[in-house]
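**Student:** My questions will all concern the structure given below.
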Amino acid sequence: MSDPKKAADIISIENSSDKGFEDEWKIEVNEWVESLEAVKDSYGQKQVKELLRSLQNFALSQGITLTEATLNTPYRNTIPLSEQPSYPGNLELEKKIENILRWNAMAMVLQAYDSGEGVGGHIATYASSATMTEVALNHFIKSRSDDYQGDMMNIQAHASPGIYSRAFLEGRLSIEELGNFRRELQEEGGLPSYPHPRRRPELWPSPTASMGLNGVNSIYYARFAKYLKNRGLLSKDLGKIWAFLGDGEMDEPETIGTINIASREQLDNLIFVVNCNLQRLDGPVRGNGKIIQELEAVFRGSGWNVIKVIWGSEWDSLFSIDHNDVMQRRMDEVVDGEYQMYSVSSGETQRAHWIKGNKELESIMSNLSDEELKDIKRGGFDHKKLYAAFDNAMKSKGKPTVLLVKTLKGYGLGKGSEGRNIAHQKKTMSDDERIEIAERLGIPLSDEDRTLAKFYVPDANSEEMQYLHSRRKELGGYQPIRFNSCEKLKAPDLELFDDFVNGVDRSISTTLVLVRMISKMLREEDIGKYIVPIVPDEARTFGMDGLFSQTGIYSPEGQNYQPVDAGTISPYKEAKDGQILQEGICEAGAMASFMAAGTAYSHFELPMIPFYIFYSIFGFQRVGDMIWACGDALTRGFLIGGTSGRTTLNGEGVQHQDGHSHVLASVVPNLMTYDPAFGYELAVIVREGIRRMYQEQEDIFYYITVYNENYTHPPINDVTQDSILKGMYCFKRATKDLEDKYQGEPIHLLGSGSIMQQVIQAQEELEQEGIPTNIWSVTSYNLLHKDYQEARSEGKSSYLETILENEQGHFISVSDWITLLPDSLARLFPGTFTALGTDGFGLSESREALRNYFGISSQAIVEKAKELAK
Ligand SMILES: Cc1ncc(C[n+]2csc(CCOP(=O)(O)OP(=O)(O)O)c2C)c(N)n1
Ligand SMILES: [Mg+2]
């Protein structure tokens, strides 16, 4: 029978100074607990829950709310000693290996510092997380096999030295690479600071260096795994997605804001491990509170399986004599600022502050000497406690798990670092510190080598090395790991898009053209199943609602209700094997889905083709960091900026009208950006995108803007696909007769996107007035610029310069974008160059009024051309 008195600690006792009341109250509580225990013994756990729920409902009806009591448990380990499994590993060898890893990780950073290059590095984070990652890697994190998809291990970026030093012992990195941490350009090779798949595509599964992205991305990887499974595309058993996170990092809204998705979608293939070292970069995470308790309430409130690992085994015996919960109450009341202070105080000071004159607590604590008290471990350094927690997480059914693990920043790095506010920034150590740490870790190097922070490599036949390899062999292979092999797809022939390539007589927008193209591809046998349409609650805006019934909206539960529009031709259809990812109003989640789908070739061995369609202004400026991370993650797929153009999206005003996303997109080096004007351009671009990304498997991705203005689309005629793809071609030549008669310099109008319609109109008017005018369609200013940069570095002429070789005159670029976009090319035009665009904020007006206001209407173009032609 468990000790019923323990229950008292979750109830705050008013009048606690009144001894008589306190005793009476305890008896009352004990009686209730005993009754409850009897219910459990007679009826089982379910009935206990029901009873408590009834009591809670009664309390609520009396106006008594129980929020804190139900969301928080006492400040102690979730798994009691009685349920702790025995440790299956060889603790002695594991600790030996961990010590070597700790030393080599520190040595990497010290060597980088000693090189005098000032390249930096972090020691303290791994020092706090080493034990948890080691227990996970020795016993839980599995790799891919014939029938298992493999786990994904996403680490805390600042703990990278520890993971590198393990990969080194495993024989996956050379000693030279390790020695050149943060010096990637060295001849013998070096290592990037953090997990960058771009730089180490065989090692790092996903980029985590920007705080907050690891959480949201891991959640959506886990969800995408279930999506693939439910759609019947994954035959192997799903692996787990592991996200190792910092406690300071948990403040990031991308993480906390998306945890409800994980429980709603029942992601029991997801495990968060939060390294609660109570510190972030500048100081305590919650000096005045307790981060573990705060996170417990948040995660439990979101329906997660929450496991706290707070105290090491040394506390177990003290708990067993804490009959009146005095120690537990003290644990509950002390705040993180004080716990941090204990970590830098002597045992004596710590004891005095801890017992605070309480005789009973003093007597409990008298079982430990000051030295023992000082040495007592936090749960995060106790292999057995960690093992119990991971073991529980593995067994969770229908719920994601979060482990809240209490650690100490800079653990084992000595007085100058452990628990100090400066720990995060610590990059070097004195000679004495180096020798002392090596001694403590049992590193058998000479003192000279210790001061030089030399790496220690145990003999390949040593017990510890054998153990290290055998554990990973048992678990399927090394981790973390990233795979790069995937089936190649054959891109569809352009004929699939004949309806657009041959022109469209009806007046339709480029958005609709794109949606029709997606719809066609979805029906294709070879690639249809791999298409992943992603929308954050805007499918109707883009005319995609027809896809709802064609493919269904993914929902792991299917559809348990009859939709309100059941009788219509495109009802809202949710299905377990639905293909559309309808993200709700969550751009961060939608982007994370894009990354999961766009890197599925790596982790899931499937060439998934995401089309993420969003309001273009809520893309780069909203989730630009995630798009940058997609570049790092070697993500493939199509980002589609819908309702784009500052004047084409009329009426919506300042915060909706996007005239700049192409400029923001221009900074992502491997992003192909396009702003097509016609259906055939779009068809050529999308088809080529699929060819390059899924047939040739190039590590690039696409950003294409589409508009909501309706107009007819000409056929492709004699335009070459190559010129569309390179970024510019002559759409219409000036009338020959006019040119022969004309005395001045010819006019060249450069149009793109919807504004091409204004350009076409302006050209007609100018020619009517006798001014010969050429029209050029610019599908991508950014790609023209990239080509120019490349050509310049090779000492060649750029594509733009080549096609303009025999031209002269006045060049006027007109677009729905800010003038900075075309201006980047101004110097390459053989004549005068003028850019008309939409600089400044948008405003609420009609399309026509907006185009007049920004000076990009056909009339404004004519005026500018006539002024130049004078
Ligand atoms: C978005 C973002 N902002 C700031 C940083 C800089 N930064 C790196 S680590 C760090 C503190 C991390 O604290 P915590 O998450 O608690 O991890 P710990 O090192 O304590 O384990 C900060 C602010 C970053 N990498 N990303
Ligand atoms: Mg921290």
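**Student:** Give the residues of the stretch 172-214 that are in contact (Cβ under 8 Å) with a residue 60 or more places away in the chain, surrounded by fewer than 20 Cβ atoms within 10 Å (Cβ to Cβ) and in a helix (DSSP H, G or I), sorted by residue number.
**Tutor:** Within the stretch 172-214, Ile175 is the sole residue that qualifies.
**Student:** So which residues in the stretch 105-125 are small (Gly, Ala, Ser) and more than 16 Å from ligand 2 (Cβ to nearest atom), if there are any at all? I'd like the intermediate steps shown before the answer.
**Tutor:** Here is the first cut: in the stretch 105-125, the ones small (Gly, Ala, Ser) are 105, 107, 112, 115-116, 118, 120-121, 124.
Across the stretch 105-125, the qualifying residues are Ala105, Ala107, Ala112, Ser115, Gly116, Gly118, Gly120, Gly121.
**Student:** Tell me the residue from Ser320, Ser313, Ser263, Ser346 that is over 22 Å from Ile376 (Cα atoms), of a type in the set (Gly, Ala, Ser) and surrounded by fewer than 23 Cβ atoms within 10 Å (Cβ to Cβ), please.
**Tutor:** On the way: Ser320 fails: over 22 Å from Ile376 (Cα atoms); Ser313 fails: over 22 Å from Ile376 (Cα atoms); Ser346 fails: over 22 Å from Ile376 (Cα atoms).
Just one listed residue meets the conditions, Ser263.
**Student:** Quick check: is even one residue across the stretch 560-568 of a type outside the set (S, T, N, Q) and surrounded by 21 or more Cβ atoms within 10 Å (Cβ to Cβ)? Spell out the reasoning first.
**Tutor:** Applying the first criterion (of a type outside the set (S, T, N, Q)) to the stretch 560-568 yields 561, 563-567.
Remaining after also requiring surrounded by 21 or more Cβ atoms within 10 Å (Cβ to Cβ): none.
No, the conditions are met nowhere in the stretch 560-568.
**Student:** Filter the stretch 154-171 for residues that are within 16 Å of ligand 1 (Cβ to nearest atom) and not in a helix (DSSP H, G or I); which is farthest from Arg378 (Cα to Cα)?
**Tutor:** By that ranking, first place goes to Asn154.
**Student:** Quick check, is Ile259 more than 16 Å from ligand 2 (Cβ to nearest atom), of a type in the set (Val, Ile, Thr) and within 28 Å of Asp459 (Cα to Cα)?
**Tutor:** no
**Student:** Additional query: Applying the selection to the stretch 113-123, what residues are more than 23 Å from the chain's Cα centre (by Cα) and in contact (Cβ under 8 Å) with a residue 12 or more places away in the chain?
**Tutor:** If we filter the stretch 113-123 for residues that are more than 23 Å from the chain's Cα centre (by Cα), which is where we start, we get 113-120, 123.
If the condition is that a residue be more than 23 Å from the chain's Cα centre (by Cα) and in contact (Cβ under 8 Å) with a residue 12 or more places away in the chain, then Tyr113, Asp114, Ser115, Glu117, Val119, Gly120, Ile123 are the ones that fit.
**Student:** Against the definition (within 16 Å of ligand 1 (Cβ to nearest atom) and either touching a residue at least 24 places away in the same chain (Cβ under 8 Å) or under 23 Å from Phe381 (Cβ atoms) (or both)), how does Met327 come out, yes or no?
**Tutor:** So Met327 fails the test.
**Student:** A further question follows. Select the helices (runs of 4 or more DSSP H) contained entirely in the stretch 224-303, then report the ones holding at least 2 residues which are over 25 Å from Ile627 (Cα atoms) and more than 13 Å from ligand 1 (Cβ to nearest atom). Before you say what the answer is, go through the steps one by one.
**Tutor:** On the way: elements: 253-256, 259-264, 291-301.
The helices (runs of 4 or more DSSP H) meeting that bar are 259-264, 291-301.
**Student:** Then there is this: Which of the residues that make up the stretch 423-451 are within 19 Å of Glu98 (Cβ to Cβ), free of Cβ contacts under 8 Å to residues at least 12 places away in the same chain and not in a helix (DSSP H, G or I)?
**Tutor:** Passing the criteria: only Leu445.
**Student:** Here is a further query. Would you check if Asn277 is within 16 Å of ligand 2 (Cβ to nearest atom) and touching an Asp or Glu at 6+ places or on another chain (Cβ under 8 Å)?
**Tutor:** Judged against the criteria, Asn277 is a match.
**Student:** Pairs needed: first member in the stretch 252-277, over 20 Å from Ala590 (Cβ atoms) and β-branched (Val, Ile, Thr); second member anywhere, assigned to a helix (DSSP H, G or I) and away from ligand 1 (no atom under 16 Å from the Cβ); C-beta distance under 6 Å; at least 6 residues apart or different chains.
**Tutor:** Ile271/Ala393
**Student:** I've got another one for you. In the stretch 545-578, what count of residues is obtained for those that are β-branched (Val, Ile, Thr) and either on the phi > 0 side of the Ramachandran plot or part of a loop (DSSP other than H, G, I, E, B) (or both)? Don't jump to the end; show me each part of the working.
**Tutor:** Here is the first cut: in the stretch 545-578, the ones β-branched (Val, Ile, Thr) are 551, 553, 564, 568-569.
Checking which are either on the phi > 0 side of the Ramachandran plot or part of a loop (DSSP other than H, G, I, E, B) (or both) leaves us with 564, 568-569.
Here the count works out to 3.
**Student:** Tyr467 - would you say it is hydroxyl-bearing (Ser, Thr, Tyr) and either under 27 Å from the mean Cα position of the chain (by Cα) or part of a loop (DSSP other than H, G, I, E, B) (or both)? Before you say what the answer is, go through the steps one by one.
**Tutor:** Working: hydroxyl-bearing (Ser, Thr, Tyr): yes; either under 27 Å from the mean Cα position of the chain (by Cα) or part of a loop (DSSP other than H, G, I, E, B) (or both): no.
Here the answer is no, as Tyr467 does not meet what is asked.
**Student:** While we're looking at this one, here's another question. Please verify whether Val216 is in contact with a Ser or Thr (Cβ under 7 Å, 6 or more places away or on another chain), more than 15 Å from ligand 2 (Cβ to nearest atom), among the hydrophobic types (A, V, I, L, M, F, W, C) and closer than 18 Å to Pro400 by Cα, treating the condition exactly as stated.
**Tutor:** yes
**Student:** Is there a residue being in contact with a helix residue (DSSP H, G or I) (Cβ under 7 Å, 6 or more places away or on another chain) and assigned to a strand (DSSP E or B) anywhere in the stretch 139-152?
**Tutor:** Scanning the stretch 139-152, I find at least one residue that is in contact with a helix residue (DSSP H, G or I) (Cβ under 7 Å, 6 or more places away or on another chain) and assigned to a strand (DSSP E or B), so the answer is yes.
**Student:** Within the stretch 141-149, identify whether any single residue is within 16 Å of ligand 1 (Cβ to nearest atom) and in contact (Cβ under 8 Å) with a residue 60 or more places away in the chain, and answer yes or no. Don't jump to the end; show me each part of the working.
**Tutor:** Keep residues of the stretch 141-149 that are within 16 Å of ligand 1 (Cβ to nearest atom), which gives none.
The answer is no; no qualifying residue exists.
**Student:** Another question, if that's okay. Considering each residue of the stretch 580-613, count those that are in a loop (DSSP other than H, G, I, E, B) and touching a strand residue (DSSP E or B) at 6+ places or on another chain (Cβ under 7 Å), and give that number. Step through it out loud before you land on a result.
**Tutor:** The initial filter retains those residues of the stretch 580-613 that are in a loop (DSSP other than H, G, I, E, B), namely 583-586, 599, 604-608.
Those left that are additionally touching a strand residue (DSSP E or B) at 6+ places or on another chain (Cβ under 7 Å): 583, 608.
The number of residues fulfilling the criteria is 2.
**Student:** Given the criteria among the basic types (Lys, Arg) and under 43 Å from the mean Cα position of the chain (by Cα), does Lys864 qualify? Full working, then the answer.
**Tutor:** Numbers: among the basic types (Lys, Arg): yes; under 43 Å from the mean Cα position of the chain (by Cα): no.
No.
**Student:** Further question on the same structure: What is the one condition in (1) touching a strand residue (DSSP E or B) at 6+ places or on another chain (Cβ under 7 Å); (2) away from ligand 2 (no atom under 16 Å from the Cβ); (3) more than 17 Å from Pro195 (Cβ to Cβ) that Leu238 does not satisfy?
**Tutor:** Leu238 satisfies all of (1) touching a strand residue (DSSP E or B) at 6+ places or on another chain (Cβ under 7 Å); (2) away from ligand 2 (no atom under 16 Å from the Cβ); (3) more than 17 Å from Pro195 (Cβ to Cβ) except (1).
**Student:** Restricting to the stretch 384-414, what's the tally of residues that are part of a loop (DSSP other than H, G, I, E, B) and within 13 Å of ligand 2 (Cβ to nearest atom)?
**Tutor:** 5
**Student:** Moving to a separate point now. Evaluate the stretch 384-391: report whether one residue or more is at pLDDT 95 or above, within 16 Å of ligand 1 (Cβ to nearest atom), buried (at least 18 other Cβ atoms within 10 Å of the Cβ) and closer than 19 Å to Lys290 by Cβ.
**Tutor:** no
**Student:** So is Ser417 buried (at least 19 other Cβ atoms within 10 Å of the Cβ) and in a loop (DSSP other than H, G, I, E, B) or not?
**Tutor:** Details: buried (at least 19 other Cβ atoms within 10 Å of the Cβ): yes; in a loop (DSSP other than H, G, I, E, B): yes.
So Ser417 passes the test.
**Student:** Against the condition within 16 Å of ligand 2 (Cβ to nearest atom), over 28 Å from the mean Cα position of the chain (by Cα), part of a helix (DSSP H, G or I) and over 29 Å from Glu83 (Cβ atoms), how does Gln350 come out, does it pass?
**Tutor:** So Gln350 fails the test.
**Student:** Ok, one more. Please pick out the residue among Glu202, Glu177, Glu188 that is over 27 Å from Arg144 (Cα atoms), away from ligand 2 (no atom under 16 Å from the Cβ) and charged (D, E, K, R). Working first, answer last.
**Tutor:** Details: Glu202 fails: over 27 Å from Arg144 (Cα atoms); Glu177 fails: over 27 Å from Arg144 (Cα atoms).
Just a single option satisfies the conditions, and that option is Glu188.
A quick yes/no check of all residues on (1) assigned to a helix (DSSP H, G or I); (2) surrounded by fewer than 20 Cβ atoms within 10 Å (Cβ to Cβ); (3) in contact (Cβ under 8 Å) with a residue 12 or more places away in the chain:
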{"site": "Pro480", "(1), (2), (3)": "no, no, yes"}
{"site": "Leu489", "(1), (2), (3)": "no, yes, yes"}
{"site": "Glu495", "(1), (2), (3)": "yes, yes, no"}
{"site": "Asp498", "(1), (2), (3)": "yes, yes, no"}
{"site": "Ser507", "(1), (2), (3)": "no, yes, yes"}
{"site": "Ser519", "(1), (2), (3)": "yes, yes, yes"}
{"site": "Glu525", "(1), (2), (3)": "no, yes, no"}
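The values are calculated or read from the model by the stated rules, or taken from the named source; none is laboratory data. In this text, all values refer to a predicted model and were calculated from it rather than measured experimentally. No Cβ is skipped: glycine too gets one built from the backbone with ideal geometry, and neighbour counts run over all protein chains shown.
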